[in-house]
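Taking it in order: structure first as structure tokens, then the write-up.
Read-outs: derived from the displayed coordinates by stated rules, not from any lab. All figures in this text were calculated on a predicted structure; none of them were measured in a lab. Using ideal geometry, Cβ is built from the backbone for each residue, glycine included, and neighbour counts are taken over all protein chains shown.
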């Protein structure tokens with residue numbers, strides 16, 4: 001389901017646009033970047049979100065991509 005929402009978001013972007021996508025869970029972290037690349041877009045970076053409080057965010061990442 002995560003990639004479906006991501007794909008709808010990407011489709012609205014203009015060519016060359018850079019966007020940050022927040023991913024939660026190990027499966028999304030593995031599959032979404034691969035799917036973005038398969039569509040011909042660039043994955044610029046994937047960074048773990050910093051822990052900002054009493055709950056752990058270790059499986060939440062920020063993916064920065066550029067639409068081609």
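Checked against (1) surrounded by 14 or more Cβ atoms within 10 Å (Cβ to Cβ); (2) assigned to a helix (DSSP H, G or I), residue 5 passes all but a single condition, namely (1).
Close Cβ contacts (under 8 Å, 6 or more residues apart or on different chains) running from residues in the stretch 16-43 that are at negative phi and free of Cβ contacts under 8 Å to residues at least 24 places away in the same chain to residues that are surrounded by 11 or more Cβ atoms within 10 Å (Cβ to Cβ) and in a strand (DSSP E or B) comprise 37/43; 43/63; 43/64; 43/65.
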